[in-house]
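The values are calculated or read from the model by the stated rules, or taken from the named source; none is laboratory data. Values in this document were obtained by computation on a predicted structure and should not be read as measured data. Here the Cβ positions follow ideal geometry from the backbone for every residue, glycine too, while neighbour counts run over all protein chains shown.
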Amino acid sequence: MIQEAEKASQPAPRSEAGDVVVETRNLSKVYRDFWGRSKKIALKPLDLDIRRGEIFGLLGPNGAGKTTTLKLLLGLIFPTSGEALVFGRPATDVSKNERIGYLPEESYLYKFLDAEETLDFYGRLFGMSPEERQRRAEALIEMVGLSRDRKRQLREYSKGMTRRIGVAQALINDPELVILDEPTSGLDPIGSREMKDLIIDLKSRGKTVIMCSHLLADVEDVCDRIAVLHQGELKELGRVEELLRVTGVTQIRATGLSAAATAEVRAVLERHGAADIDIGNPRSTLEDLFLEVVRDTESRPGRRARRPAGAPDATRAG
């Protein structure tokens, strides 16, 4: 009876509010010196809601408060004021971490283990059975592209390969919430593209992803919503397509438009008072060009000759 009364007197954990997985209210962090004086305001009062199944990006320059926010959500540090809730429970409740996968900015892995042993080790920490550990390890090694290097010790890995096994480690427990701190750091353009594809795939599997990065193109490619932090303060919050939309400018795209038709379109626009008309060929990105060259070379070995738009396919020399 006494035990039942004690349980009844304890505050019940706040239930998960619909699709909200992460919630912060006036969350702040101030680092103090030995005498308790304010030394660094790492995070000013922050209000955020991160919903189930979305890819949420935390943007900002170095020292903006991104990593501090992640550590507060993981319960690795304690807030100065405010609160953070993950799955409806206080972020300081370590039991919630069983449902979270975390890739830190610097992966702290045992260099004398190989990829299989690394994943088996972290699987043991989650109390997974040997059969489940083996199954998950094989699937994740294949997913991050390390099948050929699964038996090499991690001390022989490049930074990009270390990043890949770090992502696999973060996913070993099949988490509902995945927190990635600079996931594309150290990866070449191909590895970066594969990492972004992996993040999008996690969303398709119903995972919630928080991605922290200062590489704007990476965040733009994969995130549904973003928060921009600067000097520990939230400066911007919203959906990517809404924040990047340039109002007052209309874009028209078409293929197979002749010179005469282009001139006619221009004349119509001018007649309706349009200004600063720019009709030309759209630009791709350097990343797309790089991936096109590499993949074309791998599929058709030999020197690849770039050809101007509309020109016949160039002959590739052996």
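Outside any helix (DSSP H, G or I), among the β-branched types (Val, Ile, Thr) and touching a Phe, Trp or Tyr at 6+ places or on another chain (Cβ under 9 Å): is that true of Ile210 in this structure?
It is true that Ile210 is outside any helix (DSSP H, G or I), among the β-branched types (Val, Ile, Thr) and touching a Phe, Trp or Tyr at 6+ places or on another chain (Cβ under 9 Å).
Which one of these is within 16 Å of the chain's Cα centre (by Cα), surrounded by fewer than 16 Cβ atoms within 10 Å (Cβ to Cβ) and not aromatic (Phe, Trp, Tyr): Asp181, Asp201?
Just a single option satisfies the conditions, and that option is Asp201.
Answer yes or no: is there a residue in segment 186-201 that is in contact with a strand residue (DSSP E or B) (Cβ under 8 Å, 6 or more places away or on another chain), of a type in the set (Val, Ile, Thr) and farther than 22 Å from Arg52 by Cβ.
The answer is no; no qualifying residue exists.
Filter segment 124-146 for residues that are among the small types (Gly, Ala, Ser) and under 23 Å from the mean Cα position of the chain (by Cα); which is modelled with the lowest pLDDT?
Let us first name the residues in segment 124-146 that are among the small types (Gly, Ala, Ser), namely 127, 129, 137, 139, 145.
Now drop any that are not under 23 Å from the mean Cα position of the chain (by Cα), which leaves 137, 139, 145.
Numbers: Ala137: 95, Ala139: 94, Gly145: 88.
Selected residue: Gly145.
Starting from segment 89-102, keep only residues that are under 18 Å from Asp181 (Cα atoms), then list their pairs with residues that are crowded, with 21+ Cβ neighbours inside 10 Å and of a type in the set (Phe, Trp, Tyr) whose Cβ atoms are within a distance under 6 Å, requiring at least 6 positions of separation or different chains.
none
Of all residues in segment 94-118, count the ones that are over 21 Å from the mean Cα position of the chain (by Cα) and not in a loop (DSSP other than H, G, I, E, B).
7
Can you pull out every residue in segment 33-79 that is polar (S, T, N, Q), touching a residue at least 40 places away in the same chain (Cβ under 8 Å) and either surrounded by fewer than 15 Cβ atoms within 10 Å (Cβ to Cβ) or over 22 Å from Glu220 (Cβ atoms) (or both)?
Listed by number, the residues that qualify are Asn62, Thr68.
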